[in-house]
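In what follows, a structure is listed as structure tokens, so that the remarks can point back to it.
The values are calculated or read from the model by the stated rules, or taken from the named source; none is laboratory data. These numbers come from a predicted model, not from an experiment. Ideal geometry is used to build each Cβ from the backbone, glycine not excepted, and the neighbour counts take in all protein chains shown.
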Amino acid sequence: MKSVVHILARFFIRFSPQRWLVGLCKYFDRKQNPIKKDTPPVVRLPGGIVVKFGPTATPGETATQQYAYQHLDPNIVRVPQVYRYFQCQDPSEPVWLFGYLVMEYIPGKTLDELDVEVYKDMTERLAGIVSHLHSVRGRNVPGPVGGGVPRGNIWGYHDAETEFGSVEDLNAWVNRRIAVINKSVDFRSYPLVLCHLDMCRRNIILMEDDSLCLLDWGFAGFLPRIYEVAAIEFYFDEYSEMFRQVVNETIVLADQEKKDLVLIKRARAASMRCAL
């Protein structure tokens, strides 16, 4: 019976008028999220469906999440399936286009809800997931699938603020920010691999069958793997320190990668100090 309800719900979601879904999301947002947060609203609908909506629910996030769903091994890591995506104007925020990312609901507990000892046992699996992500290639242009401005704190306070059309564009972005120290990078020899860039505990679900699922692909895209390593280093709690140690043991960087890792962190610091 449950599977029938889910099938009907997905059918409804795929073919309903956008305005119906917008109204439905706002209704459940008022019920489920009475206290507003800085993060985009996420609501759970009947029938095993979740919707993330707002200006930061972008086409790039949707396309990258769907790409990950299609190319990652679910025996290693699960990814919520995308059911539908659209954008529309919201009367309350007329300046912005609101995106509506409709996807599969993943039951389970996020790792920040679990005991620290359980998390310790997960770190090797998480490092294995990072390695598996980096085995996925498919784009010769940095950033999210289908294009768009790369997002996330790896770039500073205001995302990358520009879309990259080539690896040379990414080089130029970094080099402008480290010119003051007379250094430069050249990423043309590095493969662009799938990076999540936000593997904090709240974005990882331990499912009832012991599978792990990665949520929130808003920062994800194709980049040199050192960007993932750098992103993991920007979390400073004791749990992230354990994760970071295992990742450093699992992903052995070449000497040049280690030097470039330092430089992209310097570029991020420059972006946080001033606009370039």
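When you go through M199, M207 one by one, which is the residue that is surrounded by fewer than 15 Cβ atoms within 10 Å (Cβ to Cβ) and out of contact with any Phe, Trp or Tyr (no Cβ under 6 Å at 6 or more places or on another chain)? Steps first, answer last, please.
Numbers: M199 fails: surrounded by fewer than 15 Cβ atoms within 10 Å (Cβ to Cβ).
Of M199, M207, the one residue that is surrounded by fewer than 15 Cβ atoms within 10 Å (Cβ to Cβ) and out of contact with any Phe, Trp or Tyr (no Cβ under 6 Å at 6 or more places or on another chain) is M207.
Which pairs turn up if I take residues in the stretch 152-179 that are on the phi > 0 side of the Ramachandran plot and look for partners that are among the charged types (D, E, K, R) and assigned to a helix (DSSP H, G or I) with beta carbon separation below 6 Å, at least 6 apart in sequence or on another chain?
Hits for this filter: G156/R268.
What are the pairs, 6+ residues apart or on separate chains, where a residue within the stretch 20-47 that is at positive phi has its Cβ under 6 Å from a residue that is part of a helix (DSSP H, G or I)?
Cβ pairs passing all conditions: G47/V5; G47/H6; G47/A9.
State the number of residues belonging to the stretch 40-68 that are touching a strand residue (DSSP E or B) at 6+ places or on another chain (Cβ under 9 Å) and over 13 Å from G221 (Cα atoms).
Step one: filter the stretch 40-68 for residues touching a strand residue (DSSP E or B) at 6+ places or on another chain (Cβ under 9 Å), giving 40-45, 48-68.
This time we only want the ones that are over 13 Å from G221 (Cα atoms), so: 40-45, 48-57.
Here the count works out to 16.
How many residues, within the stretch 115-145, are surrounded by fewer than 16 Cβ atoms within 10 Å (Cβ to Cβ) and assigned to a loop (DSSP other than H, G, I, E, B)?
Count: 5.
Please pick out the residue among Y227, Y235, Y239 that is modelled with pLDDT of 90 or more, among the hydroxyl-bearing types (S, T, Y) and in the same structural domain as H134 (by TED's automatic domain parsing). Explain how you work it out, then say what you get.
Working: Y235 fails: modelled with pLDDT of 90 or more; Y239 fails: modelled with pLDDT of 90 or more.
Just one listed residue meets the conditions, Y227.
Contact list please: Cβ distance under 8 Å, first residue in the stretch 112-137 and closer than 10 Å to Y239 by Cβ, second residue among the basic types (K, R) and modelled with pLDDT of 85 or more, pairs at least six apart or on different chains.
D112/R201; D112/R202; Y119/R201
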